[in-house]
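Every read-out reported here was derived from the displayed coordinates using simple, explicitly stated rules and does not represent laboratory data. Keep in mind that what you see is a predicted model, and the values were worked out from it rather than measured. Please note: Cβ atoms are built from the backbone with ideal geometry, for glycine as well, and neighbour counts cover all protein chains shown.
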Amino acid sequence: MSLAEDIFRTFSTEAAGNYRLRAYGSGHIHDTFLAESDSPGAPRYILQRINAHVFRDPELVSRNLARITPYIAAKVQALGIADPERRYLSLIPTREGQAWQTDPAGDYWRMFPFLEGTRSLDELSHPQQAREAARAFARYAQQLDGLPVAEIGATIPHFHDAARRIAALEKAVETADQQRLTLAATEVEQAQAWKTRISPLLHLLETGAIPRRLVHNDTKINNLLFDAHSDEALCVIDLDTVMPGTLLYDFGDLVRTCVSPAAEDETDLSRVQVRPDMYEALLEGYLSEAGDWMQAIEKEYLTEGAILMTGIMAVRFLTDFLMGDVYYKIHHPMHNLDRAKNQFCLLQLLLAAPDR
Ligand code: ADP
Ligand code: GN1
Ligand code: MG
């Protein structure tokens, strides 16, 4: 029996039939498994091993999750909407009643019900999906608003700190092998230009003029589950980076992953585009949930978030390439460089977009 199967059996499930596990999803970080039974109608589950290289304190990640999931569930239930179960993530406890399980190697595992009748999208095809996604992530930030910041620890300190990301790139440039450095020379220059461009925004973030609050911090579009048969956005997932940040991060990462018809690793850069209708739908959808809880300065600078986050991702992919691919899962040797080129291309297009 595999380790994942052993771990699966430590969680409390209905003992209906034999479960089989297989790798699932297109996330870059955790090891995600879908558990399916051979008994028709038996519930399915998502089992995940937390990536301990990325999350240095997996116990904190697990504790945060055990705090956040019931909090959001209660908020969703209070809305009185039909079928609330597909609209929040919940943890399946272990047979001993714990919110997570450790294995002999010291890794941390958790399990969720598989949210049936949902789908995750890597690219969007209609503005209606973009509007829905933006509303869902804005609502999620609003739901987090009442959770005391002090109760949630920073699972990745300085996660979207652009100055540190640039510093890490500069360090990687010093130690990278010559071949990788030559391949990445243009992108290293592009990173420096971006650094200059965002300097006024960084000042507003550093001084706290743009407020820090609990946000999702990883609003990539495949971290949202849509209804399988409609464009309705149902459930925000991948909650490990819920921690203090700014709304610019959430809106920005959403723009980064929704505005182009091409995936973030598309190598045909002519396919990377800023679709104006998508962009408008994202902004309109996000602001439609803004209400009083969002400050004027947050609304004013939301769109700068796209420049910030697209640049941060470009720099992170580039740094990982120069470091020898130590962070993101890659599927071929140039994968991180391809992602970086794609994101720098998107960044240039966003900077040139007339209505941004
Ligand atoms: P990663 O941090 O590696 O991106 P995620 O938590 O985002 O991990 O999970 C990876 C993918 O697994 C998601 O993009 C989604 O497709 C799928 N997934 C995760 N949790 C669930 C769930 N509870 N129900 C259905 N699908 C899920
Ligand atoms: C990672 O976990 P996933 O695949 O949703 C990364 C994000 C990046 C994204 C780029 C914890 O997100 O910050 O934006 O890849 N998550 C972490 O695709 O580093
Ligand atoms: Mg994910």
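So the values come out like this:
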{"read-out": "Nonlocal amide H pairs with Ile237, under 5 Å, H built at 1.01 Å", "value": "Leu224, Leu225"}
{"read-out": "Asp103 versus Ala167: modelled label distance in nm, points set 7 Å from Cα along the beta carbon direction", "value": "3.5"}
{"read-out": "Around His216: net Lys/Arg minus Asp/Glu count, Cβ-Cβ under 13 Å", "value": "-3"}
{"read-out": "All-pairs alpha carbon distance profile, segment 3-116, 10 Å steps from 0, percent", "value": "13, 43, 35, 9, 0"}
{"read-out": "Residues whose placed amide H lies under 5 Å from that of Gln273, excluding near-sequence neighbours", "value": "Ala262"}
{"read-out": "Segment Ile156-Asp177, length gained on full extension (0.36 nm per residue, minus Cα span)", "value": "4.8 nm"}
{"read-out": "Distance between modelled label sites at Val149 and Lys299, nm, 7 Å Cα→Cβ extension", "value": "2.2"}
{"read-out": "Residue-by-residue Karplus 3J(HN,Hα) for segment 288-295, coefficients 6.51, -1.76, 1.60, Hz, glycine and proline x", "value": "5, 9, 5, x, 7, 5, 9, 7"}
{"read-out": "Relative compactness, the chain, computed as alpha-carbon Rg over 2.2 N^0.38 Å", "value": "0.99"}
{"read-out": "For segment 197-211, 3J(HN,Hα) per residue [Karplus equation, 6.51 cos²θ - 1.76 cosθ + 1.60, θ = phi - 60°, Hz, x = Gly/Pro]", "value": "4, 8, 4, x, 5, 4, 4, 5, 6, 5, 7, x, 4, 8, x"}
{"read-out": "Among Gly311, Gly208, Gly252: highest mean-square fluctuation, GNM of the chain, C-alpha pairs under 10 Å", "value": "Gly208"}
{"read-out": "In nm, spacing of pseudo-spin labels at Ser26 and Gln192 (7 Å Cα→C-beta vector)", "value": "3.5"}
{"read-out": "Loop sites in segment 74-145: GluC sites (Glu not before Pro), DSSP, at most 14 other Cβ within 10 Å", "value": "Glu96, Glu116"}
{"read-out": "Protection-proxy order for peptides 335-341, 324-330, each taking the mean of Cβ atoms within 10 Å per residue, highest first", "value": "335-341, 324-330"}
